[in-house]
1. Within segment 196-255, how many residues turn out to be aromatic (Phe, Trp, Tyr) and under 27 Å from Tyr301 (Cα atoms)?
2. Is there any pair linking a residue in segment 388-401 that is closer than 13 Å to His368 by Cβ and in contact (Cβ under 8 Å) with a residue 12 or more places away in the chain to one that is among the aromatic types (Phe, Trp, Tyr) and surrounded by 12 or more Cβ atoms within 10 Å (Cβ to Cβ), with Cβ under 9 Å and at least six apart or on different chains, and which?
3. From Glu93, Glu33, which residue is among the acidic types (Asp, Glu) and crowded, with 18+ Cβ neighbours inside 10 Å?
4. Out of segment 357-407, which residues are in contact with a Ser or Thr (Cβ under 9 Å, 6 or more places away or on another chain), more than 23 Å from Phe201 (Cβ to Cβ) and among the aromatic types (Phe, Trp, Tyr)?
5. Residues that are in contact with a helix residue (DSSP H, G or I) (Cβ under 8 Å, 6 or more places away or on another chain), of a type in the set (Val, Ile, Thr) and surrounded by fewer than 21 Cβ atoms within 10 Å (Cβ to Cβ): does segment 254-263 have at least one?
6. Based on this model, can you work out whether Arg115 counts as over 21 Å from the mean Cα position of the chain (by Cα), away from the ligand (no atom under 16 Å from the Cβ), under 24 Å from Trp414 (Cα atoms) and in contact (Cβ under 8 Å) with a residue 40 or more places away in the chain?
7. Tell me the residue from Ser289, Ser345, Ser340 that is at positive phi, in contact with a strand residue (DSSP E or B) (Cβ under 6 Å, 6 or more places away or on another chain), among the polar types (S, T, N, Q) and buried (at least 17 other Cβ atoms within 10 Å of the Cβ), please.
8. Right, Glu304: modelled with pLDDT of 95 or more and on the phi < 0 side of the Ramachandran plot or not?
Amino acid sequence: MRTTPGDSCVFVIFGGTGDLMRKKLLPSLFRMEQSGALSKDCTILGVARDRTLTDAQYRDWANKALGEVGLSPSDPDWCGKCVHYQPVDTSSEEDFRALAARIEALEGKNAGGNRILYLALPPQAFEGTIEALGKAGLNKSKGWTRLVVEKPFGRDLESAQKLNALVHTYFDESQVYRIDHYLGKETVQNLLAFRFGNALFESAWNRDHVKSVQISVAEQTSIGSRAGYYENTGALRDMVQNHLTQLLTLTAMEVPAAFAADSIRFEKVKVLRSVAPIGKDAVVFGQYSPGRVDRKKLPGYLDEPNVAKGSRTETFVAMRLEIQNWRWQGVPFYLRTGKSMPRRSTRIVIDFRKPPVALFRDLGRGPHRNILAINLQPDQGFDLSFEVKSPGDRFSLRTERMQFRYPEESDSGWDGYETLLLEILRGDQTLFVHADETEASWRLYAPLLRRRSAPYLYPAGSWGPEAANKLMEGTGGDWTT
Ligand code: BG6
């Protein structure tokens, strides 16, 4: 795949020796370079605290990191030309002066003074770094300057508001790109195309035709060795407040006035503001306990390395939401996510209403519902179930599916980060989270954090606690897996 390159710039990546840089950003920048999406004048400046590291050693590290994910530059000196290193301690003004001088030197004549300041850092380091960047005057340059902040953006409403206020002290919102990597996924973007490119579905996308909506992100993986991060986070902060909420708002939003960042982000915020406060009995928290799949034993959350004894951190959340607006009043939205589930499956299921009259009751067949399943991963595509007559002289019905799958050859090998990095280079904020969105989302979920009770246990390798099924009791529906 060849892509028109974005503007030239210097990528300044804080957390330059961290996992995100090693596993995602560096490989993505390299793939972008290979597909022509990076202008020849782009340079990468990794920033970290290590003072002993030299440019040459950092390039060796970078080459090794690319090798680990099966990438090898055809130009063996790609890292030599493109990748640089600068030690910075966030508390040192002098280090930031040296950083400013280094960026200018790298910009030389060609990069046009354009900079991306990417905070690939643990959240507790965001504030200090933003403040130091602002004080060192690195928030502006001859060209454009864009600030990229990874998730999680805040831990609750107060911390998100405080962080937004700090960001806005030094940067204008139009310079800020809050990352949610789900927005870089092809099928998440396709949701917009599907909804607003097809009048057929859009006219049925409302309370008159939809009975309920499910958004489920099941992960087969457990937390593994991530207890250090996960113990302080839990599934609500790690997945619901960001990834599932993005899927919710894109599914439920109104038709935007234009296909433009501001219009789309405005509609997403409106959805969040219309969600009714979530009642205590509309949420279920769970934690995986030891389980077994086939003959294989799976550890419980409490057995994972570095998890505190008796920890109550949730690894599963299910909830029922009500969107109180003209389009969705009375249609329940069910959200669910969990670790250590039977398989990986991210999908949105639109359950349409049954026909009002059971015309085929005498054939032993009650009215059936049409179901639209939007599969995000794996197996990206759509399935629509509908009723057909079974062939033969007897009149009987059966359910069939209409299916669309992205062909494998259309897989560009991009994993979402390339798309997001390219959008940052192009200055398009559509796929990034607005300040108002982060706050509206915390306003909704933060009260749940305060009244979290002990999680229900579910065996690793199962679809979560029984209590999650009870959320749907009386609706005639169940979680589709
Ligand atoms: C991350 C979470 O943001 O998203 C992880 O921190 C989670 O806990 C991951 O596993 C899921 O992303 P994906 O793209 O694999 O669905």
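The values are calculated or read from the model by the stated rules, or taken from the named source; none is laboratory data. All values derive from a computational prediction rather than experimental measurement. Don't worry about glycine lacking a Cβ; one is built from the backbone with ideal geometry, like all the others, and counts go over all protein chains shown.
1. Here the count works out to 2.
2. Ser396/Phe360; Leu397/Phe360; Thr399/Phe386; Glu400/Phe386; Arg401/Phe386
3. Result: Glu33 is the single residue among Glu93, Glu33 that is among the acidic types (Asp, Glu) and crowded, with 18+ Cβ neighbours inside 10 Å.
4. Matches in segment 357-407: Phe360 only.
5. yes
6. Working: over 21 Å from the mean Cα position of the chain (by Cα): yes; away from the ligand (no atom under 16 Å from the Cβ): yes; under 24 Å from Trp414 (Cα atoms): yes; in contact (Cβ under 8 Å) with a residue 40 or more places away in the chain: yes.
Against the criterion (over 21 Å from the mean Cα position of the chain (by Cα), away from the ligand (no atom under 16 Å from the Cβ), under 24 Å from Trp414 (Cα atoms) and in contact (Cβ under 8 Å) with a residue 40 or more places away in the chain), Arg115 qualifies.
7. That would be Ser340, the only listed residue that is at positive phi, in contact with a strand residue (DSSP E or B) (Cβ under 6 Å, 6 or more places away or on another chain), among the polar types (S, T, N, Q) and buried (at least 17 other Cβ atoms within 10 Å of the Cβ).
8. Considered against the rule, which asks whether it is modelled with pLDDT of 95 or more and on the phi < 0 side of the Ramachandran plot, Glu304 comes out as yes.
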